[in-house]
Amino acid sequence: MIVHNVKIGNQESKQVSDREHKKIYVGCAESDIRYRDLLVYGRHRWELYSKPTIDFLTLDRKEMELVQYKPIVEKTIQRANGVMILISAQTSKDSLALWEIDCSLSNKIPIVGVDIRQNSESDIPTKLAEKMTRYGWEWFAEFFNGL
């Protein structure tokens, strides 16, 4: 096992990695932002399971009109190597989360739905039916290593 001295934020020159660097956009329903933040701020754990180093890209919608927000998100998604969308019971009801999924698919960016549902009977977006994974570092690594 390789152990890194990881600091969230700036990478120090001592932390140079020979792995390919990937950018992953993480989207979710408005009500799931706390789960998104847990995933993003725990990014140092990816090094234990995944070959590439990871930068997570997120955007908050607060105080921003949709007309301003959507073009920024689309540009961010276009420069990402992959997209992770957290899927809860609220995702199918959140038009912006559904738009993020459509944006990723229309730009041909690899996407995975991350199942955070408490009730497995709740709906998942139809477009992600064959693109789902569990919440867990080892399952995410399969997605990252496939990019």
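Every read-out reported here was derived from the displayed coordinates using simple, explicitly stated rules and does not represent laboratory data. These numbers come from a predicted model, not from an experiment. Reconstructed Cβ throughout: ideal geometry from the backbone, glycine too, with neighbour counts over all protein chains shown.
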- Task: Scan segment 98-147 for residues that are among the basic types (Lys, Arg) and more than 27 Å from Ile72 (Cα to Cα) and report the count.
- Result: 2
- Query: Would a scan of segment 56-74 turn up a residue that is under 12 Å from Cys28 (Cβ atoms), within 13 Å of the chain's Cα centre (by Cα) and polar (S, T, N, Q)?
  - Reply: yes
- Task: Just give me the residues in segment 88-103 being hydroxyl-bearing (Ser, Thr, Tyr) and without any contact (Cβ under 8 Å) to a residue 60 or more places away in the chain, in sequence order.
- Result: Ser92, Ser95
- For segment 66-73, state whether one or more residues are under 19 Å from Leu105 (Cβ atoms), touching a Leu at 6+ places or on another chain (Cβ under 6 Å), of a type in the set (Ser, Thr, Tyr) and without any contact (Cβ under 8 Å) to a residue 60 or more places away in the chain. no
